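In what follows, a structure is listed as structure tokens, so that the remarks can point back to it.
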Amino acid sequence: MSATTLSGVDRPLTALHSYDVHRVRQDFPILSQTVRGKPLVYLDNANTTQKPRAVIDAMHTFYETCNANIHRATHYLGMQADRAYEQGREKVRCFLNARHFEEIVFVRNATEGINLVAQTYGRVHVREGDEVLITAMEHHANIVPWQMLCEEKGAHLRVIPIDDTGELILEEAERLITPRTRIVGITHMSNALGTINPIEQVIAMAHAQGVPVLVDAAQSAYHFPIDVQALDCDFLVFSGHKLYGPTGIGVLYGKKDLLERMPPYMGGGDMILSVTFEKTVYNDPPFKFEAGTPHIAGVVGLGAAIDYLTSLGMENIASHEADLMEYGTQQLQEVPGLRMIGTARRKASVFSFTLEGLHPNDVGTVLDMEGIAVRTGQHCAHPVIHRFGVSATVRASLGCYNTREELDALVCGLHKARRLLS
Ligand code: PLP
């Protein structure tokens, strides 16, 4: 049984009953503190999420009990560290439902994953006059690496436009995928608008022309389940720190046959099979793309975050956040002068808005005095913010631990901002 909410996300009605958000909150030590004398209301999850004790403890335990370098030590601790690292990879593989462990490459973050693809796959396949296709709602992480590539190669960056609600114009996508298109880069979910893109359709359109697709799942991976085999995407990236895991660790998923044919990104230890001064033989994926000592404890923490999310159930988290979206959308409509930026039929977990006559930074400062953390500005997505004719927005973004009461506090804070600043 499912219901379509105001946010357009289908959610199973049964799942919500088993989700006890107050119990979930107890797993996050940081949430129990007061900020500026007020209970902390953390609504900056699209920026980074808070960490459950399970993640903090797993990293702590790793350093206390089995810290060593990986893939080289023959001693006991080295083997323990190896096992912890490769178990982390297996957890990511299951989380994404990837077919092979070779398809999971550890990088620092989503940004590095996109740069890796642009600098390896991109540099091999994109030539002068070719085209790289992205959308008008991309984060800078999925614009600038392609722009750099296009500049170097004399290729062109093409952009699928969006409509006034923040939805992708699919007919334009179809038109813009041409025989010159070499790769499509598309965000699964916009950090600035909350729009969930119909990536299945875009992937099908691109594949019909033989064009591979990179999905930026930095925003979607912590809100709802992802299945790379069902999506049939060629590459997908996300960051650990948005997925309730540590900073400094991220994932690039790539189809095995593509990764095998790609040149390495960085050279150094661990990415080789043999080295002489005349010639280096590279290791196989994923190791070919993991030069140097990686963030081993970060992988352990990411694995713990995945275990934690799996124990909550990604469907349950999606249901809970869809309920909050519906509630928050109704409550925010009552704030005079509030303009929601991004009203797509399918959107999740992001309220991006302006208050008439007030600068978003000033609104953010008043909210901060109330202990409410939001982000204000252009959210590393200048083009899409400008597309809506505004210079900045206030963005309140949700995570698995947020409550209706916190959205009430946000609304109260906005009324206060209007009183103080008007
Ligand atoms: N893509 C999207 C949609 C994002 O929202 C972000 C970060 O906010 C990124 C990419 C980049 O993530 P990171 O800074 O962790 O590499």
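The values are calculated or read from the model by the stated rules, or taken from the named source; none is laboratory data. Computed from a predicted structure; not experimentally measured. Cβ coordinates were reconstructed from backbone atoms using ideal geometry, including for glycine residues, and neighbour counts include every protein chain displayed. Just the protein is used for accessible areas: all its heavy atoms, side chains included, with ligands, DNA and RNA removed. Shrake-Rupley method; radii C 1.70, N 1.55, O 1.52, S 1.80 Å.
Going by what's in this entry, would Val363 be described as in contact with a Gly (Cβ under 9 Å, 6 or more places away or on another chain), within 16 Å of the ligand (Cβ to nearest atom) and not assigned by TED's automatic domain parsing to the domain that holds Ile162? In short, no. Determine if the range 180-190 includes at least one residue that is of a type in the set (A, V, I, L, M), buried (at least 24 other Cβ atoms within 10 Å of the Cβ), closer than 28 Å to Arg345 by Cβ and away from the ligand (no atom under 13 Å from the Cβ). So far as the range 180-190 goes, yes, one or more of its residues are of a type in the set (A, V, I, L, M), buried (at least 24 other Cβ atoms within 10 Å of the Cβ), closer than 28 Å to Arg345 by Cβ and away from the ligand (no atom under 13 Å from the Cβ).
Scan the range 213-242 for residues that are away from the ligand (no atom under 16 Å from the Cβ) and open to solvent by less than 10 Å² (accessible area, probe 1.4 Å) and the total you get is 1. If we scan the range 290-298, do we find a residue that is surrounded by 22 or more Cβ atoms within 10 Å (Cβ to Cβ) and within 17 Å of Gly399 (Cβ to Cβ)? Among the residues of the range 290-298, not one is surrounded by 22 or more Cβ atoms within 10 Å (Cβ to Cβ) and within 17 Å of Gly399 (Cβ to Cβ), which makes the answer no. I'm trying to understand the selection: among the residues of the range 287-314, which are in contact (Cβ under 8 Å) with a residue 60 or more places away in the chain, under 30 Å from Pro263 (Cβ atoms) and not in a helix (DSSP H, G or I)? Hits for the range 287-314 are Glu290, Thr293, Pro294, His295.
In the range 252-269, the qualifying residues are those that are assigned to a loop (DSSP other than H, G, I, E, B), under 14 Å from Val107 (Cα atoms) and touching a residue at least 60 places away in the same chain (Cβ under 8 Å), and the one that is most open to solvent (accessible area, probe 1.4 Å) is Tyr265.
From Asp216, Asp227, Asp232, grab the single residue that is farther than 14 Å from Ser349 by Cα and out of contact with any His (no Cβ under 9 Å at 6 or more places or on another chain).
Every option except Asp227 fails the conditions.
Consider Val105 against the criteria (1) in contact (Cβ under 8 Å) with a residue 12 or more places away in the chain; (2) over 20 Å from Val300 (Cβ atoms): it satisfies all of them except one. Which criterion is unmet? It is condition (2) that Val105 fails.
Given the range 69-187, what strands (runs of 3 or more DSSP E) lie entirely inside it while holding 3 or more residues that are aliphatic (A, V, I, L, M), assigned by TED's automatic domain parsing to the domain that holds Arg346 and in contact with a Pro (Cβ under 6 Å, 6 or more places away or on another chain)? Step through it out loud before you land on a result.
Numbers: elements: 104-107, 131-135, 156-160, 181-187.
Here the list is empty.
Looking only at the range 404-422, which residues are within 30 Å of Leu309 (Cα to Cα) and open to solvent by 50 Å² or more (accessible area, probe 1.4 Å)? Arg404, Glu405, Asp408 - these are the residues of the range 404-422 that are within 30 Å of Leu309 (Cα to Cα) and open to solvent by 50 Å² or more (accessible area, probe 1.4 Å). The residues of the range 377-392 that are touching a helix residue (DSSP H, G or I) at 6+ places or on another chain (Cβ under 8 Å), over 26 Å from Lys51 (Cα atoms) and not hydrophobic (A, V, I, L, M, F, W, C), listed by number, are His382, Ser391. Flag: Ala396 matches the condition of being under 22 Å from Val21 (Cα atoms) and in a strand (DSSP E or B).
The residues in the range 108-147 that are among the β-branched types (Val, Ile, Thr), in contact with a Gly (Cβ under 9 Å, 6 or more places away or on another chain) and open to solvent by less than 10 Å² (accessible area, probe 1.4 Å) can be counted, and the count is 5. Residues considered: Gly210, Gly248. Of these, the only one that is open to solvent by 10 Å² or more (accessible area, probe 1.4 Å), away from the ligand (no atom under 15 Å from the Cβ), assigned to a loop (DSSP other than H, G, I, E, B) and on the phi > 0 side of the Ramachandran plot is Gly210. If we keep just the residues of the range 43-68 that are more than 16 Å from the ligand (Cβ to nearest atom) and not in a helix (DSSP H, G or I), which is nearest to Val411 (Cα to Cα)? Top of the filtered list is Pro52.
When each of Tyr401, Tyr327 is tested for being open to solvent by 20 Å² or more (accessible area, probe 1.4 Å), in contact with a helix residue (DSSP H, G or I) (Cβ under 6 Å, 6 or more places away or on another chain) and either hydroxyl-bearing (Ser, Thr, Tyr) or in a strand (DSSP E or B) (or both), the lone residue that passes is Tyr327.
Filter the range 152-166 down to the residues that are within 16 Å of the ligand (Cβ to nearest atom) and not small (Gly, Ala, Ser), then identify the one that is surrounded by the fewest Cβ atoms within 10 Å (Cβ to Cβ). Outline the logic, then answer.
Kept after step one, since they are within 16 Å of the ligand (Cβ to nearest atom), are these residues of the range 152-166: 159-160, 162, 166.
Narrowing further to those that are not small (Gly, Ala, Ser): 159-160, 162.
Values: Val159: 16, Ile160: 24, Ile162: 23.
Only one residue tops the list, namely Val159.
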